[in-house]
Amino acid sequence: HSRLSYVTPQGHTMPLSAIGAAIAKAFPGERVAGYLFPTEPNLSYQVGTKKGTVYVNQYTGEILGLRPPGPDFLSNLHQLHLRLLIRNKSDTGQAIMAWAGLASLFLFIAGFYLWWPVKRVSISGSASTRRFWFDVHNTAGILAFVVLLALAFTGSIIGFERQTVFLLYKMTGSEGPTPPEMPPPPPGAKPISVDDAVEIARAAIPDAAPFQINVPGPKNAYQVRSHFPEDLTPGGRSRVMI
């Protein structure tokens with residue numbers, strides 16, 4: 001979707017409130033649910049609405065297009081990888097993948113244990129058919145062992161995230177993040193603007209760059225996501241509630 005995603009940098013970006021006004025003009029009565037504003041200057045801003053994701057040129061306010069809600073090919077591929085496209089309340093697909101990762105981890109370790117006595121890393125071309133495939137299995141298995149072990153180990157940690165994260169916090173003697181309790185707004189209070197909320201989040205974590213903010217209802221809070229330079233996670237790991 002390069003036509004929607006890329007813009008030509010020119011001058012300063014518009015305030016989020018001005019971009020929201022452009023959305024309101026283009027889609028009357030449509031409520032803005034949030035903004036995604038990448039830190040790369042050549043990527044367009046995205047605005048979440050019920051109609052879908054609206055792409056906006058943050059330098060001119062031009063509406064580049066609308067992508068309707070719902071999964072696309074990439075998100076379906078992601079869900080296939082995570083849970084075999086099985087979507088239900090019990091998350092059966094995720095459980096299958098988690099246990100498959102754990103079983104793979106056991107098989108790789110067991111295979112290494114069986115390989116160790118012979119340490120075979122060559123394939124004999126003059127041997128019998130059975131011996132040839134035995135050599136192929138041993139050689140290919142040990143050459144791929146480190147990568148496969150890393151994939152199975154990290155996949156198992158992700159698959160059993162509720163248990164493993166708790167153990168990691170316990171092992172490191174640290175506490176997990178707890179969402180703050182948000183007190184109700186005082187009577188007659190007016191909400192701050194979305195731009196003010198971003199600046200407050202920027203001041204709260206000076207070394208991190210905000211890139212996403214939700215637009216809450218009257219009784220909820222702003223939530224701003226930020227990236228530290230060393231954070232390679234697309235969704236960011238740092239959040240500020242305002």
Filter result for the condition that a residue is more than 20 Å from the chain's Cα centre (by Cα), among the aliphatic types (A, V, I, L, M), open to solvent by 50 Å² or more (accessible area, probe 1.4 Å) and under 30 Å from residue 11 (Cα atoms), over 109, 123, 96, 63: 63
Check on residue 180, assigned to a loop (DSSP other than H, G, I, E, B), within 23 Å of the chain's Cα centre (by Cα) and farther than 23 Å from residue 31 by Cα: yes
Filtered residue count, segment 197-225, keeping only those that are out of contact with any strand residue (DSSP E or B) (no Cβ under 9 Å at 6 or more places or on another chain), open to solvent by less than 80 Å² (accessible area, probe 1.4 Å) and either within 16 Å of residue 32 (Cβ to Cβ) or at pLDDT below 90 (or both): 1
Given (1) surrounded by fewer than 17 Cβ atoms within 10 Å (Cβ to Cβ); (2) within 26 Å of residue 220 (Cα to Cα), index of the condition residue 84 fails: (2)
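The values are calculated or read from the model by the stated rules, or taken from the named source; none is laboratory data. Source: prediction; values computed, not measured. All Cβ positions, even for glycine, are placed from backbone atoms using ideal geometry, and neighbour counts span all protein chains on display. Just the protein is used for accessible areas: all its heavy atoms, side chains included, with ligands, DNA and RNA removed. Shrake-Rupley method; radii C 1.70, N 1.55, O 1.52, S 1.80 Å.
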